[in-house]
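Read-outs: derived from the displayed coordinates by stated rules, not from any lab. What you are looking at is a predicted structure, and each value in this text was computed from that prediction instead of being measured. No Cβ is skipped: glycine too gets one built from the backbone with ideal geometry, and neighbour counts run over all protein chains shown.
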Amino acid sequence: MPIKSPTFLRAILFDLDDTLLVDEAVSYEALEEVARQAKEKFHIDPNLFVSNAVAIAQALWQVEKCYPFCRSIGISAFEGLWGNFLGDSKELTRLRKCSQRYREQVFLIALHAQRSRISNSKIVARSLAQQFSLIRRQQQRLFPKTREVLEQLSSQFKLGLLTNGAPDLQREKIAASGCEDLFSAIIISGEYGVGKPEPAIFAHLLQKLGVISSEAMMVGNSLERDIAGARAAGMISVWMRLPGEEDPSMIVPDFTISHLGQLLEVI
């Protein structure tokens, strides 16, 4: 059945992480698997290991020298644990170096939080970090029916992808999604130099799509980045509310959905 839509709507912009691709939950799953492996070898409490590792990762990430750059383009603490951060720029070169030290420290401190002595603890931490990276890549997946919904929408609208993050990591995720062919244009904050919610990055994608803001809709899970940015850019906003998310307060979306299939109802 054809989608009934307002006559003004010509383009739909999508966020990537936790809108099309499962992101944070997959990172937790990978960390839980690493904790199970560590339990077998070192007899630790895996639940405590996971909670400690998450808290340590967040705390260390925010004091890294590369954090201001990561915050500006939207690279998370979890991504710091598995991104390659390829590129020749000064910022990416620095990030590659500090991320290696950072991820080893996260696992080393998480281990020491439960055991005061582990033989070759630095080597063990490096091995756990490498294992996390491997598992995280293997477990990438879309939310259910994402491809089907995007295919249906792409038959009637121009689709754009607007994602914050490191260029190579986001390109890797996009390739893993198997949906790249459905988008008329893709913008990654790390390639553009500024991230959501800055209106300029929304305007850049709209220009590539050949539409104006009043003809476009933005769909994303982040109130602060996707919804606030879309509203500042003059676009209709649709909030993908994930389980456990609180109701919006200061930032109010035009529409709220709990899964991508509901977007068809909104349109």
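Each of ALA175 and LEU264 was given a label point 7 Å from its Cα along the Cα-to-Cβ line. The distance between the two points is 3.1 nm.
Classify the chain as rounded, prolate or oblate, taking a ≥ b ≥ c as the square roots of the eigenvalues of its Cα gyration tensor: rounded when a/c is under 1.5, otherwise prolate if a/b is larger than b/c and oblate if not.
Working: a/c = 2.30, a/b = 1.89, b/c = 1.22.
It comes out prolate by the Cα gyration axes.
Springs join every pair of Cα atoms under 10 Å in this Gaussian network model of the chain, and among LEU150, LEU242, LEU81 the largest mean-square fluctuation is at LEU242.
Taking a virtual spin label 7 Å from the Cα of GLN37 along the C-beta vector, which residues in the stretch 131-148 bring their backbone nitrogen under 20 Å of it? From the stretch 131-148, the list is 131-141. Where a ≥ b ≥ c are the square roots of the eigenvalues of the C-alpha gyration tensor, would you call the stretch 141-267 rounded, which needs a/c under 1.5, or, failing that, prolate if a/b is larger than b/c, or oblate? Here the stretch 141-267 falls in the rounded category. Among ALA233, ALA110, ALA55, the largest mean-square fluctuation in a Gaussian network model of the chain, built with springs joining Cα atoms closer than 10 Å, belongs to ALA55. Only one residue of ASN47, PHE78, VAL63 has its Cα farthest out toward the positive end of the dipole of the stretch 24-138, where Lys and Arg carry +1 and Asp and Glu -1 on Cβ, and that residue is VAL63. The distance from the alpha carbon centre of the stretch 198-267 to that of the stretch 28-92 is 28 Å, rounded to a whole number. In the chain, the longest principal axis of the Cα atoms and the axis of helix 121-138 are about 30 degrees apart. Express as a percent, rounded to the nearest 5, the fraction of DSSP beta bridges in the chain (both residues included) that run antiparallel. If I count the DSSP bridges inside the chain, around 5 percent turn out antiparallel. For the residue pairs LYS41/LYS90; LYS65/LYS158; LYS41/LYS196; LYS39/LYS90; LYS90/LYS158; LYS65/LYS196, alpha carbon separations beyond 31 Å are given by LYS41/LYS90; LYS65/LYS158; LYS41/LYS196; LYS39/LYS90; LYS90/LYS158. If you take all other residues with their beta carbon under 14 Å from the beta carbon of ALA200, and give Lys and Arg +1 and Asp and Glu -1, the sum is +1. Helix 90-112 and the long axis of the chain differ in direction by around 50°, with both axes built from C-alpha atoms. Taking 0.36 nm per residue of separation and subtracting the Cα-Cα distance, full extension of the segment from LEU142 to LYS122 would add 3.8 nm.
Could you grab the relative contact order for the chain? Cα pairs under 8 Å, six or more apart, rounded to a whole percent. Write out the running numbers ahead of the final one.
Numbers: 420 pairs, mean separation 65.3, N = 267.
It comes to 24 percent, rounded to a whole number.
Using Cα springs under 10 Å in a Gaussian network model of the chain, which residue among ILE188, ILE201, ILE135 shows the largest mean-square fluctuation? Its mean-square fluctuation being the largest, the pick is ILE135.
What is the gain in length, in nm to one decimal, between ARG94 and GLU191 on full extension, counting 0.36 nm per residue of separation less the C-alpha to C-alpha distance?
Working: separation 97, 0.36 × 97 = 34.92 nm, distance 1.62 nm.
The span from ARG94 to GLU191 would gain 33.3 nm if fully extended.
Against the chain, whose longest principal axis is taken from its Cα atoms, helix 199-209 shows a tilt of about 60°.
So what is the calculated 222 nm ellipticity per residue for the chain, using -39500 (n - 2.57) for each DSSP H run with n of 4 or more, over all residues, to the nearest 500 deg cm²/dmol? Walk me through the intermediate numbers first.
Numbers: 12 runs with 132 residues, N = 267.
After summing the helix terms and dividing by the residues of the chain, the value is -15000 deg cm²/dmol.
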